[in-house]
Amino acid sequence: MTTDRRNFLKLIGVGGVGASLAACAAPGTGLDKSAGRRVVVVGGGFGGSVAAKYIRMQDKSIEVVLIEQNRQFIGCPFSNLYIGGLMSDLSTLTIGYDTLAAKHGIKMIYDSVTAIDPAKKTVTVSGGTVIDYDRLVLSPGVDFRAEELEGYDLATTPQIMPHAWKAGPQTLLLRKQLVDMPNGGTVVLTVPLAPFRCPPGPYERTSMIAMYLKQHKPKSKIVVLDANPDIASKAGLFRKGWKKHYEGIIQYRAAQKVTAVNVKNRSVFIEGMEEVKGDVVNVIPPQRAGQIARATGLIGPDKAWCPVNGTTFESTLQKNIHVIGDACIAGAMPKSAYSANSEAKICASNVVALMNGKETMEMSGINVCYSFLSAKEAVSVAGVYTVKGGQIVAQPNSGGVSPDLSETEAIYARSWLQNILTEMST
């Protein structure tokens with residue numbers, strides 16, 4: 001399934017594109033910073049947009065430039081509901097940046113970053129513009145470690161075996177494949193070793209696909225090949241929901257690490273040995289921080305994620321660069337949308353403090369993550385986090401998981417989505 005830009009906007013349920021750039025410069029000329037101090041934020045997702053907003057809210061004398069390659073953002077949370085047929089399009093998950101930029105005086109550059117020079121403190125975008133910064137907040141999200149899957153090509157494999165782990169055309173493709181699959185077909189879903197973006201995400205997706213199969217293709221099944229020794233999040237609740245709603249539809253197999261794919265056969269190989277075929281194959285590859293973080297020398301010894309100071313989120317490898325969201329190593333905080341939102345606010349406050357020669361604030365982070373198990377039932381996990389011994393740890397006796405499957409939690413979940421997207425875009 002290939003989609004041009006105009007048709008994709010129709011499919012996600014969004015009409016026109018927002019206004020022109022809030023800030024632009026001729027290629028190669030850079031943006032004049034002679035007037036004062038500047039923070040550049042790269043990435044307009046759950047972390048970057050909020051960091052840009054809160055820096056401006058706390059100190060209007062600091063210029064903020066937000067660089068984002070897309071004029072519209074589509075959130076991954078709730079995209080599984082579209083895949084399962086509970087949403088008609090992706091418009092509910094889609095926001096623009098025009099109101100955010102105008103309301104808070106954020107200068108927008110819609111372009112991709114090609115280089116960051118920590119020594120010169122500059123960011124270069126593909127159009128050739130070079131932007132100086134005093135401090136940089138990087139929220140680059142994740143990329144895939146495709147080299148760990150034999151036969152997997154980032155350019156072509158996802159067109160046959162969609163990952164749908166970045167919301168947009170991949171989400172539409174996976175949904176279309178499910179709709180087109182014959183009754184009696186098999187869906188194969190592979191889960192990489194943790195850590196990865198949204199720990200409960202694969203299991204919520206399993207629930208939503210199983211729900212769709214039960215309603216529309218009752219002779220079909222879904223086989224889940226999980227590289228982890230057990231369900232990575234809310235395990236007891238997922239098992240209870242699957243038993244209640246999808247007995248005989250879900251075949252869950254733990255400690256089944258997929259190491260190779262065969263696109264032609266629509267099959268995957270477990271540890272290079274057992275071959276598992278499917279009519280629809282949803283391969284979620286192992287993950288790491290976005291490419292620009294790796295190119296800038298922000299990756300730690302694990303060769304995957306960015307080590308940061310747990311209080312300021314400043315890189316421990318490059319000065320004046322702060323990394324938030326999925327790309328950073330945030331200790332006990334999971335890689336989730338709400339974690340990114342919380343990290344952005346802490347980072348913003350401490351960036352402002354550092355730029356004004358003031359003491360940084362203590363880290364107090366929160367996370368809440370909702371997962372749907374059926375059309376009306378959801379569960380959640382929540383946590384509160386602080387820094388101890390230089391590491392982000394969970395506060396004892398805080399947070400926890402839902403006591404049971406709950407229709408009330410589903411209502412809370414929908415409110416959470418509306419609130420977090422509104423905060424990002426206004």
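Just so you know, all these numbers are worked out from the coordinates, no wet-lab data involved. Because the structure is a prediction, the values reported are computed rather than measured. FYI the Cβ positions are ideal-geometry reconstructions off the backbone, even for glycines, and counts take in every protein chain you see.
Assorted remarks:
- Two-site FRET efficiency, residue 408 against residue 150, from Cβ-Cβ distance with R₀ of 51 Å, rounded to 0.05: 0.65
- Counting Lys and Arg as +1 and Asp and Glu as -1 over every other residue whose Cβ lies under 14 Å from the Cβ of residue 287, the net charge comes to +2.
- If the segment from residue 255 to residue 418 were pulled out straight at 0.36 nm per residue, it would be longer than the present Cα-Cα gap by 55.1 nm.
- Taking Cα centre as origin and charging only the Cβ of basic (Lys, Arg, +1) and acidic (Asp, Glu, -1) residues, the dipole magnitude of the chain rounds to 500 debye.
- Modelled spin-label separation between residue 239 and residue 426, with each label point placed 7 Å from Cα along the Cα-to-Cβ direction: 4.3 nm.
- The trypsin sites (Lys or Arg not before Pro) of segment 182-281 that meet both conditions, a loop assignment by DSSP and at most 12 other Cβ atoms within 10 Å of the site Cβ, are 219, 264.
- When only Cα pairs below 8 angstrom with a gap of at least 6 residues are kept, the chain shows a relative contact order of 17 percent.
- Structure-derived volume of the Cα convex hull per residue in Å³ - corresponding label in (i) 183; (ii) 139; (iii) 349: (ii)
- Label reach from residue 388 (point 7 Å along Cα→C-beta): in segment 361-380, amide nitrogens under 19 Å belong to 362-367.
- Each Lys or Arg adds one and each Asp or Glu subtracts one; over the other residues with Cβ under 13 Å from the Cβ of residue 179, this totals +1.
- Sites residue 122 and residue 247 - FRET efficiency at Förster radius 51 Å, r taken between beta-carbons, to 0.05: 0.30
- Cα centroid separation - segment 64-81 against segment 395-426, whole Å: 19
- Only helices enter this figure: runs of n ≥ 4 DSSP H residues, each worth -39500 (n - 2.57), summed and divided by the residues of the chain, yield -8000 deg cm²/dmol at 222 nm to the nearest 500.
- Positive-end residue of 171, 236, 258, charge dipole of segment 148-285 with Cβ unit charges: 236
- Computed from the Cβ-Cβ distance with R0 of 51 Å, the FRET efficiency linking residue 88 to residue 356 stands at 0.60.
- Once the chain from residue 317 to residue 398 is taken as fully extended at 0.36 nm per residue, the excess over their C-alpha distance is 26.0 nm.
- Comparing mean-square fluctuations of 165, 416, 242 from a GNM of the chain with C-alpha springs under 10 Å, the top value falls on 416.
- Between residue 277 and residue 295, the simple label model (points 7 Å from Cα in the Cβ direction) yields a spacing of 4.1 nm.
- Violating pairs (Cα-Cα greater than 29 angstrom) within the set 166/376; 217/264; 121/335; 217/277; 243/345: 243/345
- Distance between the pseudo-spin-label points of residue 98 and residue 364 (7 Å out from Cα toward the beta carbon): 3.8 nm.
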